[in-house]
Each structure stands twice: as C-alpha cells, then as structure tokens.
1. Within region 18-62, what residues put their amide N at less than 15 Å from the label point 7 Å along the Cα-to-Cβ vector of R10?
2. In terms of the Cα gyration tensor, with a ≥ b ≥ c the square roots of its eigenvalues, is region 97-207 rounded because a/c is under 1.5, prolate because a/b exceeds b/c, or oblate?
3. Would you please give the residues with an amide H less than 5 Å from that of T116, counting only those at least 5 places away or on a separate chain, with H modeled from the backbone geometry?
4. Mind checking the full-extension length gain between K201 and A78? Use 0.36 nm per residue of separation minus the Cα-Cα distance, one decimal, nm.
5. Per-residue ellipticity at 222 nm for the chain, helices alone: DSSP H runs ≥ 4 residues times -39500 (n - 2.57), over residue total, nearest 500 deg cm²/dmol?
6. Any idea how far the Cα center of region 60-127 sits from the one of region 145-207, in Å?
7. Using a simple spin-label model with points 7 Å from Cα along the Cα→Cβ vector, what separation in nm is obtained for R32 and M1?
8. By how many degrees, 0 to 90 and rounded to 10, does the Cα axis of helix 129-145 deviate from the longest principal axis of the chain?
Amino acid sequence: MKIAVIGATRGIGLEVVKQALEDDHDVTALVRDPDRMPVRHPRLHLVQGDARDPESVATAVQGQDVVCDCLGTKNVFARTVLFSTCAQNLARALRPEQLLIAVTGIGTGDSRGHGTFLYDHVVLPLVLGRIYADKERQERIIRDHIERWIIVRPGILTNGPRTGRYRALVDLHGVRGGRISRADVADFVLSQAKSPTFIGKTPLLIS
C-alpha cells in the first residue's frame, strides 16, 4: 500500500511512518526540513514542502492509496489556519477514490464536553482554544469537500507504547475523558488504512 503522511517528523505522524514501514508499506512524507526526519528507509520517500502550499500537498498525495493528516503545532497560544489550510489543499488535491485519515482531537465536533472537567473547562478554552477553532474548520472542510474520509479524535495523548488495546467510540454517551498513546493512535490509523470500517465517521480513541 502507498501511504502519504503529512506532519511526519514527530508525534503521531512519526509513529505512523515507523509502523507503516514495519508493515512493508511504501511511505511518502511531506516535510518542511528533510534533516528533521529521524527515520531513513528505502521505502520512505521525502517530499520537501509545506502543508500550507497547494503544490506541495498535491505532489505528496499524488498516486497514494491513503493520506494521513497528522499535523500538529508547538505554538498552542497563537492563532493558526494551518489545519484548515491543509484541509483545503487536500480537498483540491485528493481524487475521489483516495482515503483521507485526519487526526484532530477530543474537543472537536460532538466530542466537545466529553473530556475531563479540567480539560473541558480549563485546558481547551484557555490553552487550546485557538488551535481547536481551526481544527473545527478543518473538520468542516473535510466533511463537506472530501469523498472518503475518517476523522480520528484521540483522547489525552501520552508517549506510552503501542499496545493495540484501545476503544474507538462513535457513541459518546457517558464518556468522560480518557488517554491514549501516540503509538496506539498510529496503530488505529494504519488499521483503518488497511481495512477502513469508519469511513464518514469521527471515532474517539481512548485506552
């Protein structure tokens, strides 16, 4: 399988790259600086560019079976259009048969209000508010303009190991918070890349 990863140099994106290569997939990673990619492999192809640039995104996704959007940002307090701009570029570049798996987070869409009290009332509005405003725009663009998509909403992220033990929930009744490792999020992303069962859905991932 040919898999493109956007946001590939760290976090969930890097885990997706590593696990995809372990599973013998061909991986194309869109990276701003190739020197920041800690993985080298014969089946890893690096495309230097920016997720905000339409031509970079189009080049990275061309000929791919699955595209994984795992973008993140270190500057949590600044206003951003990174996520929505990338989604717009993907909407223009993706062919109808290509599958997009986009990782957003708990607090978007109908997952809002299903975190812990501290997360819902302090962290999300006061720390992550600007990021999540753009993640909301990102999700709307994906739902409205991309044919085949899965939006993955992880709970609170940890650096724990890949366990394969987690829940993917679309019915959030009674759900309050939950954690999951970045490695397990990547495990789920790749499981859906191989056998998609959540197309057009927004599963919440928690251990």
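All of the numbers you see were taken from the coordinates with simple rules; none came from a lab. All of these numbers come straight from a predicted model, not from anything done at the bench. Glycine gets a Cβ as well: all are built from the backbone with ideal geometry, and neighbour counts include every protein chain shown.
1. Under 15 Å, as judged by backbone N against the label point of R10, lie 31-39 of region 18-62.
2. It is oblate, given that a/c is not under 1.5 and a/b is not larger than b/c.
3. G177, G178
4. Length gained, K201 through A78: 41.4 nm.
5. The helix-only estimate for the chain comes to -9500 deg cm²/dmol at 222 nm.
6. 13
7. 2.9
8. 60
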